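The values are calculated or read from the model by the stated rules, or taken from the named source; none is laboratory data. Predicted, not measured: the structure shown is a model, and the values here were computed from it. Please note: Cβ atoms are built from the backbone with ideal geometry, for glycine as well, and neighbour counts cover all protein chains shown.
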Amino acid sequence: MSSPDTAPTGAAEQAQPARPTPYRRRPPLSDEERKERFAADMDKTRNEQACRLALAIAKRITPEGILCPKCNELLTKGRFKIHPDGGWKDHKNGCHGDAVSVLQAFGVRTGDAVRVLIGKPTSTPIEIPEDAAALAAAFVGTKSKILRDVFNGVLIYGQKTGGVQAAQDFYGTWHISPEAVTESGAVMITDTRQFAARILERFGEEALLSCGLFTRASNGKLYCLINDRFPVVEPHRHPVSGDVLYMQFRASHAQYQRYLEHKAGNREYKGSEKIISLRGAPKSAQVGTGLPRIEQLPAGSDVWILEGFKDMLAARTGGLEAYGLPGVGIKPPEKICQLLARHNVFVAFDGDEAGARGRDGVKQVAEDGTEVVVTEGLVDYLRRHGVNAQPRELFPGMDATDILVARYASGKATGSPCGCPTCTRMRASHPQWFAGG
Ligand SMILES: [Zn+2]
Ligand SMILES: [Zn+2]
């Protein structure tokens, strides 16, 4: 046997340039390595998106519902569910499985099923319907489940990390009572970075992106909607079960202070007092806030409908029964109207133009003198749904939070004018409310 060491030097120098680059075969994978690699690929199929893709490839998604991959029965909305871990269940007959099992039942070999779901080439061609993404997105019943799990996850995390107390402190700035905050279910996320990491670990990027708690910026980075700028979570809860149906976030305290500065004419930049919500929740989930308590009230109680969560809390602090809507354009769903129909309802939106429009709607008088409703106001909407509703102001020019703060700022609440920053600011910005002591 000759080796380069023993070969004549001249021959080696001549032979080298002509020698073709040797083709290097990868060493074959050991059984152990192959198993490991397959398990890793398999793991990538264990999510909701892969399951939806599998259902689309296997032609299980129809306009009428989902055809169960095992028993082939057509299952309508709510009877077939996909879980965030990619598992699916036929809630009528009890069949269940994962994304790979959907394709196996469709006649695809296991290895190819895994490969097609993670976007790798398959050994035999598998047709992916062109509208797979659309079909998968049209599939109903998964997002609401994820949303509900995420909502509850946020609240539980907030409660466990002292967020109820923090929310009490936050709203306490306006002299809102701690009891009203606890009753509402509001929490503040006190360690938003830690929170983002934990919730990501619990639900995964995809589920959180799909329900809007996380967004991806153009630089590719993930952002959590609950952050130091928006740390307070205001839940819409089911009147009977208390489950969270919708969630909105309030601008931070610092941000709100900037807004107040602007309102008082000391700051040009308006900033934002805006409330942000998780996208993806259906409109019907915006049931409003304060409902579990309204549900408990004896029939014939006086209930005030107010704009926003904070005013709802301020009214509760003042001893009124209150129901909060997230905006003047939002109409409560029919089920909630049925609940309100037991009571005397006063619609008291902010005394500005938007508030008046939301309360009374927009009407025009046609040429023949008849009134034409351009936009239906909340009062008419409620009446049309059997609610005894009337427009009424709490106090001219003031919202519920103004009234609460003014009681402290004037000294009516405690006997002497309060010196806190909120009260001091109010006395400076609205001297007319305090004229004559
Ligand atoms: Zn089945
Ligand atoms: Zn005060």
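Please specify each residue of the stretch 68-78 satisfying the condition of being surrounded by fewer than 19 Cβ atoms within 10 Å (Cβ to Cβ) and either within 15 Å of ligand 1 (Cβ to nearest atom) or at pLDDT 90 or above (or both).
Scanning the stretch 68-78 gives Lys70, Cys71, Asn72, Glu73, Leu74, Thr76, Gly78.
Name the residue, out of Asn219, Asn227, that is over 15 Å from the mean Cα position of the chain (by Cα), polar (S, T, N, Q) and not in a helix (DSSP H, G or I).
Residue meeting the stated conditions: Asn219.
Quick one: count up the residues across the stretch 84-97 that are within 16 Å of ligand 1 (Cβ to nearest atom) and in contact with a helix residue (DSSP H, G or I) (Cβ under 7 Å, 6 or more places away or on another chain).
1
State yes or no: is Ala348 in the same structural domain as Ser301 (by TED's automatic domain parsing), away from ligand 1 (no atom under 16 Å from the Cβ), modelled with pLDDT of 90 or more and of a type outside the set (D, E, K, R)?
It is true that Ala348 is in the same structural domain as Ser301 (by TED's automatic domain parsing), away from ligand 1 (no atom under 16 Å from the Cβ), modelled with pLDDT of 90 or more and of a type outside the set (D, E, K, R).
Any idea which of (1) part of a helix (DSSP H, G or I); (2) touching a strand residue (DSSP E or B) at 6+ places or on another chain (Cβ under 6 Å); (3) within 26 Å of Ala315 (Cα to Cα) is the one Glu234 doesn't satisfy?
With (1) part of a helix (DSSP H, G or I); (2) touching a strand residue (DSSP E or B) at 6+ places or on another chain (Cβ under 6 Å); (3) within 26 Å of Ala315 (Cα to Cα) applied to Glu234, the lone miss is (1).
When the stretch 334-361 is examined, which residues are found to be among the small types (Gly, Ala, Ser) and touching a strand residue (DSSP E or B) at 6+ places or on another chain (Cβ under 7 Å)?
Of everything in the stretch 334-361, those that are among the small types (Gly, Ala, Ser) and touching a strand residue (DSSP E or B) at 6+ places or on another chain (Cβ under 7 Å) turn out to be Ala348, Gly355, Gly361.
Counting only residues that are without any contact (Cβ under 8 Å) to a residue 40 or more places away in the chain and among the small types (Gly, Ala, Ser), give me the helices (runs of 4 or more DSSP H) lying completely in the stretch 335-426 with at least 2 of them.
Counting at least 2 such residues, we get 353-360, 400-410.
Here is a yes/no grid of residues against (1) buried (at least 22 other Cβ atoms within 10 Å of the Cβ); (2) over 18 Å from the mean Cα position of the chain (by Cα); (3) modelled with pLDDT of 80 or more:
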| position | (1), (2), (3) |
| --- | --- |
| Arg279 | no, no, no |
| Glu295 | no, yes, yes |
| Arg316 | yes, yes, yes |
| Glu334 | no, yes, yes |
| Leu340 | yes, yes, yes |
| Asn344 | no, yes, yes |
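Of all residues in the stretch 382-437 being β-branched (Val, Ile, Thr) and more than 10 Å from ligand 2 (Cβ to nearest atom), which is surrounded by the most Cβ atoms within 10 Å (Cβ to Cβ)?
Filtering first and then ranking leaves Val387.
So, in the stretch 163-185, of the ones that are in a loop (DSSP other than H, G, I, E, B) and in contact with a Lys or Arg (Cβ under 9 Å, 6 or more places away or on another chain), which residue ends up surrounded by the most Cβ atoms within 10 Å (Cβ to Cβ)?
In this case the residue turns out to be Ile176.
Kindly list, by first and then second residue, each pair from a residue in the stretch 235-247 that is at negative phi and loosely packed, with under 14 Cβ neighbours inside 10 Å to a residue that is in a loop (DSSP other than H, G, I, E, B) and basic (Lys, Arg), limited to pairs with Cβ atoms under 7 Å and residues at least 6 apart or on different chains.
Sorted first by the residue in the stretch 235-247, then by its partner, the list stays empty.
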